[in-house]
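Participant: Sharing a structure below in C-alpha cells format, with a few things to ask.
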Amino acid sequence: MSMAVLWLACAAQFMVVLDVSVVNVALPSIQSALGFDPVGLQWVVGGYALVFAGFLLLGGRLADLYGRRRVFLWGLALFSASSLVGGLATTPGVLIAMRAVQGLGAAVLAPATLTILTTSFPEGEGRTRALAVWTAVSSAGGAAGNLIGGVLTESLSWRWILLINVPIGAVAAVTALRLLPADAARATRRRLDAAGAALATVGVTAVVHGVTQSRTHGWSGTSTLAALGVGAVALSAFSVVETRYAPAPLLPPGLMRLRAVRTGNVVMLLAGACFIPMWYFLSLYMQDVLHYGALATGVGFLPHTVAGIAGARLAPAVMRHTGARALIALSALLSAAGFAWQSQIGADSGYLSGLLGPALVMSTGMGLLITPLTATVTSGIDPRDAGAASGLMNAARQIGGAVGLAALVALAADSSRHVFLALAGICATVAVLAATLPPPTRDRK
C-alpha cells in the first residue's frame with residue numbers, strides 16, 4: 001500500500017511540475033494563435049508560477065487543517081477544471097487567468113503530495129528512497145514537459161498541453177479515493193489564515209512585477225519602485241499577521257525557529273532561481289536561434305530529463321557516503337560548472353557542441369541536489385506541521401523561480417551568456433550555504 005501511495009503522490013506531482021514547463025515549447029504557437037505581445041507572453045509561464053508560489057503556504061496549511069485526502073482531491077478538481085477552460089481559451093486574458101487558477105490548484109495539490117509522502121514513510125532510509133523517487137519524477141516532469149508539449153503542439157494543437165490534464169486528473173481522483181484513508185472529522189474545525197495567504201501572494205506578485213518592470217522602465221522608474229514598494233509593505237504585513245494575529249498561522253512559529261528550515265529554504269529559493277528559468281531560456285534559444293520546431297525542441301531536452309532522473313536516483317546511495325551537506329555542496333558546484341559551460345553558447349553553436357555537454361552536467365547536479373536538500377528541510381518536523389513545512393519548501397523553490405525568471409529576462413536583453421554566468425554564480429552561493437545546514441537527523445532547535 002505504501003508504494004501505491006508513493007506512486008499516486010508522484011503522479012500528481014508530475015502533473016504539477018509538467019505544467020511549469022509544458023507550455024515552453026508551445027509559446028510561439030500560443031503567441032501566433034492568440035495574438036500575445038512579448039511581455040504578455042511571459043505571463044503564460046509567469047502567471048502560473050506566481051500564483052503557485054504565492055499560495056503554496058496556504059496550500060500546505062490546508063492539508064494540516066482540513067485533511068490530506070480532502071485537500072488532495074480539491075487540488076485535483078481545481079487544476080483539472082482550469083486546464084479544461086484554459087485549453088479552450090480564445091483570448092490572451094482568458095488563458096492567463098486560467099493559468100493563474102491552475103497555479104492555485106497546483107499550490108493546493110503539490111504540498112499535499114509531499115505531506116502524504118512524509119507522513120506515510122517514517123524518517124530514515126525508507127523516506128530518503130521515497131524522496132529520491134519523488135525528486136526523480138519531479139525532474140522528469142520538468143524536462144518531459146518540453147517533449148510532451150512538443151509532441152502535442154505539432155501533432156494536435158497547443159491546446160492539448162492543457163486539455164490532457166483533464167483525463168489524468170480524473171484517474172488520479174478515483175485512485176486517491178481508493179488508496180488514501182478518510183480524513184478525521186476534527187480536521188475541519190480549525191480556522192484558516194486567508195489574510196496571510198492573500199498578503200503573501202500580493203507581496204510576491206508585486207515584487208516579481210517590479211523586477212519585470214525594470215526591464216523597460218529601469219530600476220528607478222516610477223512603476224518599478226511602486227511595485228517593489230507594494231511588495232515590501234505586503235510582505236511586512238504578512239510577517240505581522242503571522243506572528244501576532246493569525247489563529248492558525250501559515251508558518252507556525254516553532255517551525256521557523258528550526259535552523260535547517262530557515263537556511264534550507266533560502267538554499268531552496270536560490271536553487272529554484274537557477275533551475276526553473278533554465279527551461280525558459282534554453283527553449284527560446286532552440287527555437288529562435290537554432291530554429292527547431294516544437295517537437296525537435298522537446299527531443300532536445302531529453303538529455304536533461306535522463307541526467308536529472310539519474311542524479312535523483314543516485315542521490316540516496318551517494319548520501320550514505322558523503323552526508324547531506326556535502327552532497328548539496330558538491331551537486332551545486334557541479335551545476336555551476338554546467339551553467340558556466342552553457343554560457344559559452346553562441347549563435348553558431350550546434351546542439352552537440354553547445355547544448356549536450358552542459359545539459360548532462362547541470363541536470364545531473366540538479367538531480368543530485370534536491371533529494372538531500374528535501375530530506376534536510378523536512379526531517380524532524382512535527383507531523384501536525386508537515387503540510388506547512390511542505391508548503392514553505394515548495395513556495396521557496398517557486399518564488400525563487402519566478403523572481404529569477406523576471407530578473408533574468410531583463411538580463412537576457414544584453415546577452416544570454418550573462419544569464420548562464422549569473423546562474424553559475426547562484427549555484428556557487430548554494431554550495432557555500434550548504435556548510436551552514438545541519439544533518440537531517442540532528443535536533444534542529
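Participant: How many residues, within segment 304-322, are in contact (Cβ under 8 Å) with a residue 24 or more places away in the chain and either closer than 16 Å to Val430 by Cα or polar (S, T, N, Q) (or both)?
Facilitator: Qualifying residue count, segment 304-322: 1.
Participant: Which is within 22 Å of Ala406 (Cβ to Cβ) and either modelled with pLDDT of 80 or more or within 19 Å of the chain's Cα centre (by Cα) (or both), of Ala315, Ala336, Ala307?
Facilitator: None of the other options fit; the residue is Ala336.
Here's the yes/no breakdown for (1) touching a helix residue (DSSP H, G or I) at 6+ places or on another chain (Cβ under 6 Å); (2) under 30 Å from Gly149 (Cα atoms):
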{"residue": "Ser223", "(1), (2)": "yes, no"}
{"residue": "Val230", "(1), (2)": "yes, no"}
{"residue": "Leu235", "(1), (2)": "yes, no"}
{"residue": "Val241", "(1), (2)": "yes, no"}
{"residue": "Pro247", "(1), (2)": "no, no"}
{"residue": "Ala273", "(1), (2)": "yes, yes"}
{"residue": "Leu302", "(1), (2)": "no, yes"}
{"residue": "Val306", "(1), (2)": "no, yes"}
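Participant: If you check Asp37 against the conditions, is it of a type outside the set (Val, Ile, Thr) and without any contact (Cβ under 8 Å) to a residue 60 or more places away in the chain? Talk me through it step by step, then tell me what you get.
Facilitator: Numbers: of a type outside the set (Val, Ile, Thr): yes; without any contact (Cβ under 8 Å) to a residue 60 or more places away in the chain: yes.
Yes.
For every residue, the table says whether it meets (1) of a type in the set (Gly, Ala, Ser); (2) surrounded by fewer than 18 Cβ atoms within 10 Å (Cβ to Cβ); (3) in a helix (DSSP H, G or I).
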position: Leu327; (1), (2), (3): no, no, yes
position: Ala359; (1), (2), (3): yes, no, yes
position: Gly365; (1), (2), (3): yes, no, yes
position: Thr374; (1), (2), (3): no, no, yes
position: Gly380; (1), (2), (3): yes, no, no
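Participant: Within segment 3-36, track down each residue that is farther than 20 Å from His291 by Cβ and not hydrophobic (A, V, I, L, M, F, W, C).
Facilitator: Result: Gln13, Asp19, Ser21, Gly35.
Participant: Separate question: Scan segment 24-39 for residues that are part of a helix (DSSP H, G or I), surrounded by fewer than 22 Cβ atoms within 10 Å (Cβ to Cβ) and modelled with pLDDT of 80 or more and jot them down.
Facilitator: Applying the first criterion (part of a helix (DSSP H, G or I)) to segment 24-39 yields 27-34, 38-39.
When the remaining residues are screened for being surrounded by fewer than 22 Cβ atoms within 10 Å (Cβ to Cβ), the result is 28-34, 38-39.
Correct list: Pro28, Ser29, Ile30, Gln31, Ser32, Ala33, Leu34.
Participant: How about segment 40-74: which of its residues are free of Cβ contacts under 8 Å to residues at least 40 places away in the same chain and either over 18 Å from Asp183 (Cβ atoms) or crowded, with 21+ Cβ neighbours inside 10 Å (or both)?
Facilitator: First, the residues of segment 40-74 that are free of Cβ contacts under 8 Å to residues at least 40 places away in the same chain: 41, 74.
Correct list: Leu41 only.
Participant: Filter segment 316-340 down to the residues that are under 14 Å from Ala271 (Cβ atoms) and among the β-branched types (Val, Ile, Thr) and list them by number.
Facilitator: Ile328 - this is the single residue of segment 316-340 that is under 14 Å from Ala271 (Cβ atoms) and among the β-branched types (Val, Ile, Thr).
Participant: Determine which member of the set Ala296, Ala310, Ala347, Ala336 is in a helix (DSSP H, G or I) and farther than 24 Å from Trp134 by Cα.
Facilitator: Values: Ala310 fails: farther than 24 Å from Trp134 by Cα; Ala347 fails: in a helix (DSSP H, G or I); Ala336 fails: farther than 24 Å from Trp134 by Cα.
Result of the check over Ala296, Ala310, Ala347, Ala336: Ala296.
Participant: Got a number for residues in segment 246-279 being in a helix (DSSP H, G or I) and touching a residue at least 40 places away in the same chain (Cβ under 8 Å)? Before the answer, list the steps.
Facilitator: Taking segment 246-279 as the starting set, the residues that turn out to be in a helix (DSSP H, G or I) are 253-256, 259-279.
Filter once more, keeping what is touching a residue at least 40 places away in the same chain (Cβ under 8 Å): 254-255, 259-261, 263-279.
Adding up the residues that qualify gives 22.
Participant: Filtering segment 253-279 down to residues that are over 25 Å from Tyr48 (Cβ atoms) and of a type in the set (Gly, Ala, Ser), which residue is surrounded by the most Cβ atoms within 10 Å (Cβ to Cβ)? Give the steps one after another, and end with the answer.
Facilitator: So the first thing to find is which residues in segment 253-279 are over 25 Å from Tyr48 (Cβ atoms), and the list is 253-263.
Subset that is of a type in the set (Gly, Ala, Ser): 254, 260.
Numbers: Gly254: 14, Ala260: 23.
Only one residue fits best here, namely Ala260.
Participant: State all residues of segment 287-313 that are surrounded by 24 or more Cβ atoms within 10 Å (Cβ to Cβ) and not small (Gly, Ala, Ser); if no residue qualifies, say none.
Facilitator: Taking segment 287-313 first, the residues surrounded by 24 or more Cβ atoms within 10 Å (Cβ to Cβ) are 294, 297-298, 300-301, 304, 308, 311-312.
Passing the criteria: Thr297, Phe301, His304.
Participant: May I ask you to list the residues in segment 212-258 that are closer than 30 Å to Pro438 by Cβ and at pLDDT 80 or above? Spell out the reasoning first.
Facilitator: Applying the first criterion (closer than 30 Å to Pro438 by Cβ) to segment 212-258 yields 235-236, 238-244, 246, 248-258.
Listed by number, the residues that qualify are Leu235, Ser236, Phe238, Ser239, Val240, Val241, Glu242, Thr243, Arg244, Leu258.
Participant: Name the residue, out of Leu225, Leu282, that is in a helix (DSSP H, G or I), surrounded by fewer than 23 Cβ atoms within 10 Å (Cβ to Cβ) and of a type outside the set (Phe, Trp, Tyr). Show your work before the answer.
Facilitator: On the way: Leu282 fails: surrounded by fewer than 23 Cβ atoms within 10 Å (Cβ to Cβ).
Only one candidate passes the filter, namely Leu225.
Participant: Return the residues of segment 83-94 that are free of Cβ contacts under 8 Å to residues at least 24 places away in the same chain and surrounded by 24 or more Cβ atoms within 10 Å (Cβ to Cβ); say none if nothing qualifies. If you could, list the steps in order and put the result at the bottom.
Facilitator: Kept after step one, since they are free of Cβ contacts under 8 Å to residues at least 24 places away in the same chain, are these residues of segment 83-94: 85, 93-94.
Those that are free of Cβ contacts under 8 Å to residues at least 24 places away in the same chain and surrounded by 24 or more Cβ atoms within 10 Å (Cβ to Cβ): none in segment 83-94.
The values are calculated or read from the model by the stated rules, or taken from the named source; none is laboratory data. Just so you know, these numbers come straight off a predicted model, no measurement behind them. Note: ideal-geometry Cβ built from the backbone for every residue, glycine included; neighbour counts use all protein chains shown.
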